[in-house]
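Notes for the one structure printed next.
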Amino acid sequence: MSYALRLVNDAVAQLRTLDAGLQEDVLDELDAVAAVPSRLRVDALGEAVHDFDAMSLRCGTLFSFGFTATT
Amino acid sequence: MLAAHTLPNLPDLTAEQAEYWVAAALAEAKALRQHDDRLYPPDGDGSGLASAQQLRAAWQRWADDAEALLEQLRPKLRLKVHVIGALDLDYAIGRARAMLTLTPEAVIFSREQMRRGSVQSAEEVRRELRAAAGK
């Protein structure tokens, strides 16, 4: 089973604040999780928080953030 | 909460002593993570939101204390002294700070957007972002 990915407007607005490379990394990760949702630990409310770390090569900074997905 | 910042002369910690404090901070973060499922209540009513706010306050205190500890270790780390767990602590602080930027209210608002159908497909978003970046 896999999920179709939809982003709320807030999520899109936050994506816009990232550098272009990191935007692609985040969308790739979201696609990967949607394709294999067993990677998510879903809680009793049917939601999951997924950690994703990515190194932005452009600015050499380690980003660490999570996103919440309603399954 | 970490007692480390209440002790005098912690900058003189040995690497071994520091490792115990780092391990304590990491253990506390692990304990806090057991309550992750209470961070984002289903709605803004009832006790769920108050409980989430208390948990966030605990994470905020933890992050501040852990960061203070890490700052005390910086001189050692700059001298390439190996302190077991220091990198893990740095990561855990980053994760906590990132989580704290996502408020329960914002998640509740996002759920409302989903209910209203104010959403875009990933492909639409990708196209829009690429266009904005001039790709």
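Shielding of peptide B:117-124 by partners, expressed as the average count of other chain Cβ atoms within 10 Å per residue Cβ, is 5.
Take every pair of alpha-carbon atoms less than 8 Å apart whose residues are at least six positions apart; their mean separation over the length of chain B yields a relative contact order of 32 percent.
Label sites at B:Ala133 and B:Ser121, each approximated as a point 7 angstrom past Cα along Cα to Cβ, lie 2.1 nm apart. Rounded to the nearest 10 degrees, the angle from helix B:86-101 to the longest Cα principal axis of chain B is 30 degrees. Counting neighbouring beta carbons within 10 Å and listing from fewest to most, the residues B:Ile93, B:Ile108 come out as B:Ile108, B:Ile93.
Between the Cα long axis of helix B:15-33 and the first principal axis of chain B there is an angle of about 30°, rounded to the nearest 10. Between the amide H of A:Tyr3 and those of A:Ala35, distances stay under 5 Å, these residues lying 5 or more places away or on another chain, with hydrogens modeled in the peptide plane.
Principal-axis analysis of the Cα atoms of chain B puts helix B:104-116 at an angle of about 20° to the longest axis. Across peptide B:41-48, the mean count of Cβ atoms from other chains lying within 10 Å of each residue's own Cβ comes to 1.
Within 10 Å of the Cβ of each residue in B:95-102, the mean number of Cβ atoms contributed by other protein chains is 4.
Computed from the coordinates by the stated procedures, all read-outs in this text should not be read as laboratory data. This is a predicted model, so every value here is computed, not measured. Glycine gets a Cβ as well: all are built from the backbone with ideal geometry, and neighbour counts include every protein chain shown.
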